[in-house]
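The values are calculated or read from the model by the stated rules, or taken from the named source; none is laboratory data. The structure displayed is predicted, hence computed values, not measured ones. Cβ: placed from backbone, ideal geometry, glycine included. Neighbour counts: every protein chain shown. These accessible areas exclude ligands, DNA and RNA; they are computed on the full protein's heavy atoms, side chains included. Shrake-Rupley method; radii C 1.70, N 1.55, O 1.52, S 1.80 Å.
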Amino acid sequence: MEETYLLNVEGVKKKILHGGHGELPKVQDGSKITFHFQTLKDDFERTVIDDSREAGIPMEIIVGKMFKMEIWETLLRSMRTGEVAEFWCDAIHTGMYALVSRGMRRIAEGRDPLEGQKHRCGMGNMFDYHSTGYDDLDELQRTPQPLIFIMELFRVEEPSAYKRDTWAMNKEEKLAAVPVLHSEGNRLVLRKEFGQAAEKYQEAVICLRNLQAKEKPWEEGWLNLESLVTPLVLNYCQCQLELGEYYEVLEHTTELLQKHKDNAKAYFKRAKAHAAVWNEREAREDFMRVAQLDPSMAAAVKKELKLLGERMKMENMEDRKKYQGLFQSSRGL
């Protein structure tokens with residue numbers, strides 16, 4: 001069943017290796033397509049460049065989200081569920097493959113796919129690289145050439161049929177997702193599942209930060225989003241305190257206080273983190289700042305200062321015992 005088809009796209013030929021079933025799936029913007037792929041050179045050996053099966057995880061793309069290999073959407077739209085097909089694509093369609101493959105390989109290796117990449121369009125980034133870090137991809141980057149893609153289509157899901165990752169959402173969807181994530185985080189905190197709660201708060205913050213990046217700093221739209229970010233960051237920091245990630249708390253509260261110098265709750269959480277890592281002077285300064293900014297928290301501050309004093313006293317006593325034992329051992333010798 002290896003008849004060759006033309007897809008009415010210049011420089012593309014299709015050969016069905018295994019027929020699928022049913023009608024052609026309805027693909028629209030936001031649909032998620034799940035498939036396996038293999039990329040080969042158009043040479044005598046049909047040299048394999050990439051194979052998603054080696055990673056053991058199928059590839060997923062969201063239609064209409066500017067995936068750099070635009071031709072892949074065209075190829076996949078021509079397939080039925082369960083179909084395996086081979087596509088020959090001319091170099092006019094494969095110029096971006098080196099960049100796409102580089103990102104996929106880095107993800108499979110557990111590395112950041114955007115490491116070292118400038119904030120520019122995909123084509124501009126490709127010219128910025130002196131090397132992709134992979135010899136075979138460097139060759140493709142220097143000399144774009146026809147490639148063969150063998151694809152197996154597993155499923156096409158409508159936008160409403162799956163839980164969409166926040167990066168794939170538009171502005172309205174992200175704004176709608178934030179209160180849901182906030183509520184889920186709060187529910188997990190009540191169940192003392194602090195690690196999962198922190199992930200929900202963090203995901204909500206990422207949604208808002210992405211939207212903020214499109215606003216002018218300190219103008220109305222940016223400030224409205226910032227007012228939503230702040231309580232989420234504080235909730236995230238509280239989870240990290242519960243998990244013992246004190247330096248994580250110090251980093252995020254300090255960053256928050258650089259923008260909001262009068263946030264008593266941020267000072268309070270940073271003070272507790274300082275106390276946990278034995279930064280006594282910094283902890284006392286932050287606790288005193290809390291009492292000045294919010295008198296209603298004076299009782300909590302007094303309690304924390306008492307605990308800090310007791311901890312430091314116990315630490316000093318333990319240190320004295322250690323040194324005393326050391327001196328006695330020295331005299332015995």
Criterion: open to solvent by 50 Å² or more (accessible area, probe 1.4 Å), modelled with pLDDT of 85 or more and not aliphatic (A, V, I, L, M) - qualifying residue of Lys306, Lys322: Lys306
Residue satisfying condition, being assigned to a strand (DSSP E or B) and of a type in the set (Lys, Arg), within set Lys15, Lys26: Lys15
Residue, surrounded by the most Cβ atoms within 10 Å (Cβ to Cβ), within the stretch 9-40, restricted to residues that are basic (Lys, Arg) and under 32 Å from the mean Cα position of the chain (by Cα): Lys32
Residue among Ala276, Ala264, Ala298, Ala271 that is more than 25 Å from Leu190 (Cβ to Cβ) and assigned by the TED database to the domain that holds Val178: Ala298
Those residues of the stretch 86-134 which are open to solvent by 40 Å² or more (accessible area, probe 1.4 Å), at pLDDT 85 or above and among the aromatic types (Phe, Trp, Tyr), in sequence order: Trp88
Checklist (1) part of a helix (DSSP H, G or I); (2) open to solvent by 70 Å² or more (accessible area, probe 1.4 Å) applied to Lys216, failing item: (1)
Count of residues meeting criterion [closer than 30 Å to Arg80 by Cβ, of a type in the set (Ser, Thr, Tyr) and either modelled with pLDDT of 90 or more or in a helix (DSSP H, G or I) (or both)] in the stretch 153-202: 1
Residue ID - surrounded by the most Cβ atoms within 10 Å (Cβ to Cβ), chosen from residues in the stretch 41-71 that are basic (Lys, Arg) and more than 26 Å from the chain's Cα centre (by Cα): Lys41
